[in-house]
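Worksheet: the structure to be examined is printed underneath.
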Amino acid sequence: MGFALGSTGHCGSYMGCELMILGIETSVEHVGVALGDNRGIRAHSMLASDRRHAESLTPMIEFVMQQAEVEMSDLSAVAVDVGPGLFTGMRVGIAAAQSIAWALELPMIPVCSLDVVAMNADWSESVVAASLDARRGEVYWALYRMRTIGAEPQRITEPVVTSPEDLAIHLADRGEEIVCVGSGFDRHTEVFQALQWAKFLGASGSYPLATHLVTLAGQRLAADVTVAPGAVEPMYLRAPDAEINWQIRGAAS
């Protein structure tokens with residue numbers, strides 16, 4: 001669903017005026033916040049939060065706003081990573097983003113964490129595999145083609161959660177050079193090391209970055225691909241860990 005930017009008094013063209021996007025990234029262990037407009041990223045911050053997303057996020061937003069010398073009233077849209085990723089982190093980020101958007105009557109731009117991770121590969125003629133560690137011996141992943149530098153990656157497959165072995169088999173069956181980015185590959189290096197055509201970016205591409213989140217959001221805002229705050233939901237590819245633990249406990253009793 002598109003959100004009519006004109007209804008909030010903002011310019012409808014991202015490149016045509018100075019629209020300011022606040023990006024919130026909490027789908028992994030790192031918390032990230034970034035601010036950007038048509039001139040690029042104005043300020044950003046990242047912190048390894050050790051799952052203290054709720055405690056870290058508000059001070060980081062305030063810090064980034066101060067660094068950019070921007071007021072909340074200057075914002076034109078709020079972007080947020082909706083996962084897949086850490087369930088608690090996703091909920092914290094989405095709730096904070098929704099609160100800001102509701103208070104300021106702003107449109108929102110939900111972005112998949114794997115889309116953001118794929119941006120770490122920059123431009124490549126090869127297929128890009130983006131994967132995040134899903135814990136419990138699983139990985140989230142999707143495949144992409146990179147259009148041009150800084151452009152939104154084009155999905156070849158939809159995001160899924162599987163074992164790392166299943167992902168390795170899928171990549172091997174493609175029989176082509178693949179650029180692999182994300183913590184899913186870092187966490188299970190022994191599973192993927194036999195892939196002959198794979199190129200691994202390693203630690204430099206492990207996590208989704210708030211700066212890339214804002215870059216993607218800017219392109220979607222330019223195309224008016226936004227939603228109302230109430231329409232934003234986490235991308236759950238499996239049941240939350242607490243629910244799984246409860247089911248396991250019930251089966252064992």
key: Nearest 10 degrees, 0 to 90: helix 164-174 Cα axis against the chain principal axis   = 90
ask   = Considering only protein heavy atoms, what per residue accessible area in square angstrom results for segment 72-145 with a 1.4 angstrom probe?
value = 29
Label-point separation, Ala239 to Ile156 (7 Å along Cα→Cβ), nm = 3.3
message = Which one, Leu106, Gln193, Val70, projects farthest toward the positive side of the charge dipole computed for the chain from Cβ point charges (K/R +1, D/E -1)?
response = Gln193
inquiry  = For a quick size check, give me the Cα extents of segment 116-207 along its three principal axes, largest first, whole Å.
reply    = 34, 25, 24
task = Just check segment 120-171 against the gyration tensor rule for me: Cα atoms, a ≥ b ≥ c as the square roots of the eigenvalues, rounded for a/c under 1.5, and otherwise prolate or oblate depending on whether a/b exceeds b/c.
result = prolate
message = Run the simple label-point estimate for Trp197 and Ser99 please: 7 Å along Cα→C-beta, distance reported in nm.
response = 4.8
0 to 90° range, to nearest 10: angle between helix 53-68 axis and the chain longest Cα axis = 50
message = To the nearest 20 Debye, how big is the dipole of the chain about its Cα centre, given +1 on the beta carbon of each Lys and Arg and -1 on that of each Asp and Glu?
response = 220
remark   = In degrees, nearest 10, the alpha-carbon axis of helix 241-252 is tilted away from the dominant principal axis of the alpha carbons of the chain by 40
request  = Among DSSP beta bridges whose residues both lie in the chain, state the antiparallel percentage, nearest 5.
outcome  = 65
ask   = For segment 142-154, in order, what is each residue's ³J(HN,Hα) by Karplus, 6.51 cos²θ - 1.76 cosθ + 1.60 with θ = phi - 60°, in whole Hz (x at glycine and Pro)?
value = 7, 10, 9, 10, 8, 6, 9, 4, x, 7, 5, x, 9
Calculated from backbone phi, Karplus (6.51, -1.76, 1.60) coupling profile of segment 205-218 in Hz, x at Gly/Pro = x, 6, 10, x, 10, 4, 5, 5, 4, 5, 4, 5, 4, x
request  = Once every Cα of the chain carries one equal point scatterer and solvent is ignored, give the base-10 log of I(q)/I(0) from the Debye formula at q = 0.14, 0.16 Å⁻¹, two decimals.
outcome  = -0.91, -1.13
note = Residue span Ser204 to Glu190: 0.36 nm per residue of separation minus Cα-Cα distance leaves a gain in nm of 3.2 nm
message = Taking R0 as 35 Å, what FRET efficiency do you get between Ile169 and Thr148 from their Cβ-Cβ distance, rounded to the nearest 0.05?
response = 0.70
remark   = Once phi for every residue in segment 29-40 is put through the Karplus expression 6.51 cos²θ - 1.76 cosθ + 1.60 (θ = phi - 60°), the whole-Hz ³J(HN,Hα) values, with Gly and Pro written as x, are 5, 8, 9, x, 9, 9, 10, x, 9, 5, 8, x
request  = Treat segment 39-170 as a sphere of radius equal to its Kirkwood radius over Cα pairs and apply Stokes-Einstein at 4 °C in a medium of 1.567 mPa s; give the translational diffusion coefficient in µm²/s, rounded to a whole number.
outcome  = 78
ask   = Add -39500 (n - 2.57) for each DSSP H run of 4 or more in the chain, then divide by its residues: what number comes out at 222 nm, to the nearest 500 deg cm²/dmol?
value = -10000 deg cm²/dmol
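The values are calculated or read from the model by the stated rules, or taken from the named source; none is laboratory data. Keep in mind that this is a model prediction, so the values were computed, not measured. Backbone-built Cβ (ideal geometry, glycine too); neighbour counts: all protein chains shown. To get the accessible areas, we keep the full protein, side chains included, count just its heavy atoms, and leave off ligands, DNA and RNA. Shrake-Rupley method; radii C 1.70, N 1.55, O 1.52, S 1.80 Å.
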